[in-house]
Amino acid sequence: MYGSGTWFFPSKTTASLFIMLFFNQSIFYPAVFFLTGIPGLETPHWHTWISIPFCCLYVIAISGNGMILFVIITESSLHEPMYYFLSMLSFMDLGLCLSTLVTVLGIFWFNAREISFDACIGQMFFIHGFTFMESSVLLAMAFDRFIAICNPLRYATILTNSRIIKVGFAIVLRGTTALVPLLVLLKRLSFCGSHVLHHSYCFHPDVMKLSCTDTWVNSTFGLAIVISTAGLDSVLILLSYVLIIHSVLCIASPEEQKKAFGTCVSHISAVAIFYIPMISLSLVHRFGRHAPPLVHTLIANVYLLIPPVMNPIIYSVKTKQIRKAVLKVFLSKLI
């Protein structure tokens, strides 16, 4: 009541602002998000059958990358820069698989769709972190092939063990420092509408779309991070292969040309199966708003599972030293 004797009744706008301030914590920090399995196939019957191929893919990815790591660590003949970088790639693939295994299989086996906001942030940290780091490892592997082919006499002096360790630390530092601000910005958003995600794991663009506040800063910063990490890495990888091709074509002997290109086949395959699904998923999220939900789900699962599954197979088939080491381990176990 004011001095004039009139009563003040708050307007609807003022009341809504008061309610928003009062329930500020529940808006900014939702209790849970709800993950989605395969759209249209949510029944327990379908989940039982769908879980079988997913389990097989996870088993292949974890056992394959674990085997690559094991043989590189135990076999002294593989203690070379090329295989150190391959062990880093296998470690990133293992981390990527383990980051999503619990939520993906939890949906299919127990219909456990709920995930807390903090757990969702944590899962995003590992998924995107390992993705950025894998991109950096692929760039390091391209540099390794460039030195081995274009400047083989200085290969051992350039890629020393101490430098490879420094490269490993730089990869981890780059991935985490790029990701932490992105997730901090996500914490400032309000989630006052739907809390249903479109994937079986927490993916940054998917979570960001659920916000009822302006996400321009988050979207711009996220795009800048992708361009400065995976985007820059892909350009540098392409540049390295342009220089490699130029150097190889200057070799007179066709046999030597074939041998030089043969050492790059595995890495080129790994680059392709990593970047093609990643670019496809980014394009679908940004421009495919009217695409069927099943398209989003399929591309998202290909993006996360196919590189970890295929990389050990490619390197085991195409790299003679890895193949011999794996066979040696299996034969010794059988004996």
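Observations on the structure shown:
- Qualifying residue in the range 246-258 (condition: part of a loop (DSSP other than H, G, I, E, B) and not small (Gly, Ala, Ser)): yes
- Selection count where residues are more than 14 Å from Phe117 (Cβ to Cβ), surrounded by 15 or more Cβ atoms within 10 Å (Cβ to Cβ) and among the hydrophobic types (A, V, I, L, M, F, W, C), scope the range 193-220: 1
- Identity of the residue in the range 20-43, more than 27 Å from the chain's Cα centre (by Cα) and either of a type in the set (Phe, Trp, Tyr) or surrounded by 11 or more Cβ atoms within 10 Å (Cβ to Cβ) (or both), that ends up modelled with the lowest pLDDT: Phe22
Yes/no matrix, rows are residues, columns are (1) free of Cβ contacts under 8 Å to residues at least 60 places away in the same chain; (2) open to solvent by 30 Å² or more (accessible area, probe 1.4 Å):
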{"residue": "Asn111", "(1), (2)": "no, yes"}
{"residue": "Gly129", "(1), (2)": "yes, no"}
{"residue": "Ala140", "(1), (2)": "yes, no"}
{"residue": "Leu159", "(1), (2)": "no, no"}
{"residue": "Lys166", "(1), (2)": "yes, yes"}
{"residue": "Phe169", "(1), (2)": "yes, yes"}
{"residue": "Thr176", "(1), (2)": "yes, yes"}
{"residue": "Phe191", "(1), (2)": "no, no"}
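- Residues of the range 290-325 that turn out to be open to solvent by less than 20 Å² (accessible area, probe 1.4 Å), within 30 Å of His128 (Cα to Cα) and at pLDDT 85 or above, as a count: 12
- Residue match in the range 79-101 (condition: farther than 30 Å from Ile244 by Cα, crowded, with 21+ Cβ neighbours inside 10 Å and among the polar types (S, T, N, Q)): yes
- Within the range 179-202, the set of residues being out of contact with any His (no Cβ under 8 Å at 6 or more places or on another chain) and under 20 Å from Tyr303 (Cα atoms) comprises Leu197, Ser200, Tyr201, Cys202.
- Qualifying residue in the range 227-243 (condition: at pLDDT below 90 and assigned to a helix (DSSP H, G or I)): no
- Selection status of His285, open to solvent by less than 40 Å² (accessible area, probe 1.4 Å), at pLDDT 85 or above and not acidic (Asp, Glu): no
- Every listed requirement among (1) of a type in the set (Ser, Thr, Tyr); (2) within 16 Å of the chain's Cα centre (by Cα); (3) over 28 Å from Ser332 (Cα atoms) is met by Ser90 save one, (3).
The values are calculated or read from the model by the stated rules, or taken from the named source; none is laboratory data. This structure is a prediction, so every number in the text was calculated from the model and none was measured. FYI the Cβ positions are ideal-geometry reconstructions off the backbone, even for glycines, and counts take in every protein chain you see. Please note that ligands, DNA and RNA were not included when accessible areas were found on the heavy atoms of the full protein model with its side chains. Shrake-Rupley method; radii C 1.70, N 1.55, O 1.52, S 1.80 Å.
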